[in-house]
Amino acid sequence: MLQAAKYLGAGLACSGLIGAGAGIGLVFAALITASSRNPESRGTAFGYAILGFALAEATGLFALMIAFLVLYS
Amino acid sequence: MLQAAKYLGAGLACSGLIGAGAGIGLVFAALITASSRNPESRGTAFGYAILGFALAEATGLFALMIAFLVLYS
Amino acid sequence: MLQAAKYLGAGLACSGLIGAGAGIGLVFAALITASSRNPESRGTAFGYAILGFALAEATGLFALMIAFLVLYS
Amino acid sequence: MFSPLDQFETISLFSLAAPILGNFNIALTNLGFYCFLVFVIIFGFHVISNNNLALVPSHYSIALESFFASIANMVRSQIGENKEIYLPFVYSLFLFILVSNLVSNVPYNFAVTSSAIVCLGLSVTIFLSVTILALTKHGIKFFSFFVPSGCPLALVPLLVLIELISYFARSVSLGLRLFANIVAGHTLLAILSSFLIKLFSTSILVFFVTLIPFALFTAIIGLEIAVSFIQAFVFSLLVCSYIKDAEYLH
């Protein structure tokens, strides 16, 4: 019974990754439009895109962390 | 039985992180477009982006706090 | 049994924070684009951003209040 | 059973329990020790960069002066040119949160801002002092703050209620934001590190395969250091904007 709840909890915890996926899509969409509109600002725009990717990814990792926590301890 | 409900509650609480991930993606998408369209306003735009990131992240982490609260107490 | 339902209820209540996170992202995305497009209107734009943030945050905190209400009383 | 959250417990290093005055008990906990450590680091850095008042600045004093100048013009741009009376308060708040976050990033160190008492205590006292400041400065007119300018009359009661609730939510959300970020970040690092240890210690082949998640782990540590700076910056920026609300009432 407890093990069943663990599996269900971990499955539900993965719903937190929806936002991270959408956020990273938005960041790179903006990077592509920005680098096409203004090619010489490609360097800093890429830097911001990597930073935005890392920070949006962090929220997804938090959800994954809860999933591991629920699954294994 | 109670422990099972804790796991399920923590898993469900992770759904709060969806908004934070999407919000951060939106903020950095706007930063990238703004910095490519108007490079000399990059400084203040980056300041607003960091502020927007932290405030959007906070809502996701409130949900994570509830998940920890439910899981461990 | 009752306590189990409390945990589930608090977990479900966290889904209310999704809107707050996305809303704050939208507000600050608009602020960044606005401040890069029209730098001298930065003052009033920042005031509206903080007002918009407070109102969007309020909805998320209503959801959080319900979660605490369900969890502890 | 290893729980990633037990790194945040305050353990009393050594305590003095005397039955005088009704079981008097004073203990130096690891929280108190790390607060003192942060104070020593900040004080030492200022003493070093003081460069015993030499006219020609040393590297340290240049770094500290540029750091102070960036906080100063943040406060000046936020609160206003002639309101520099709040600068020392915001500067010390920023430095305390920054140094305690950076100290907590070192493995096996206790995070001062990960104890709810410190964060919520900071945010509630700041909230109360800002409200008292606004009340003494504006008296009854302070309550006009809850009516956003230029909104139709019919909407006023609803907006006032929402503004009131979001004003009182400031006291909690300010501290909870810092607390939640640090606790979630350190728990993530604790879980990933215990996961990597298991992977590294299985066999040589797996050792090389796990170098990839290890790169992810070092990226997250970099992210954690960035979050420490961001949280200190956002906490003091929000304190400045709350003081501005108390000073200028819209």
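The values are calculated or read from the model by the stated rules, or taken from the named source; none is laboratory data. Note that the structure is a prediction, hence the values are computed from the model and not measured. Cβ coordinates were reconstructed from backbone atoms using ideal geometry, including for glycine residues, and neighbour counts include every protein chain displayed.
The table that follows gives values for the structure above.
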item: Residues of region D:73-112 that turn out to be surrounded by fewer than 17 Cβ atoms within 10 Å (Cβ to Cβ) and either touching a Cys at 6+ places or on another chain (Cβ under 7 Å) or among the aromatic types (F, W, Y) (or both), as a count; result: 2
item: Residue check for D:L188: hydrophobic (A, V, I, L, M, F, W, C) and over 30 Å from D:N109 (Cβ atoms); result: no
item: Residue within region D:119-131 that is buried (at least 17 other Cβ atoms within 10 Å of the Cβ) and either in contact with a strand residue (DSSP E or B) (Cβ under 6 Å, 6 or more places away or on another chain) or among the acidic types (D, E) (or both) present; result: no
item: Residue identified as touching a residue at least 12 places away in the same chain (Cβ under 8 Å) and among the hydroxyl-bearing types (S, T, Y) among B:T44, B:T59; result: B:T59
item: Enumeration of residues in region D:26-58 that are polar (S, T, N, Q), more than 15 Å from D:S104 (Cα to Cα) and modelled with pLDDT of 80 or more; result: D:T29, D:S49, D:N50, D:S58
item: Set D:I162, D:I230, D:I182: member being at pLDDT below 90 and surrounded by 15 or more Cβ atoms within 10 Å (Cβ to Cβ); result: D:I162
item: Filter result (of a type in the set (D, E, K, R) and closer than 30 Å to C:K6 by Cβ) within region C:21-69; result: C:E57
item: Among the residues listed as D:E224, D:E247, the single one being touching a residue at least 24 places away in the same chain (Cβ under 8 Å), acidic (D, E) and under 21 Å from D:V124 (Cα atoms); result: D:E247
item: Top-ranked residue in region D:1-32 [being outside any loop (DSSP other than H, G, I, E, B), more than 14 Å from chain B (Cβ to nearest Cβ) and in contact (Cβ under 8 Å) with a residue 24 or more places away in the chain; ranked as surrounded by the fewest Cβ atoms within 10 Å (Cβ to Cβ)]; result: D:N30
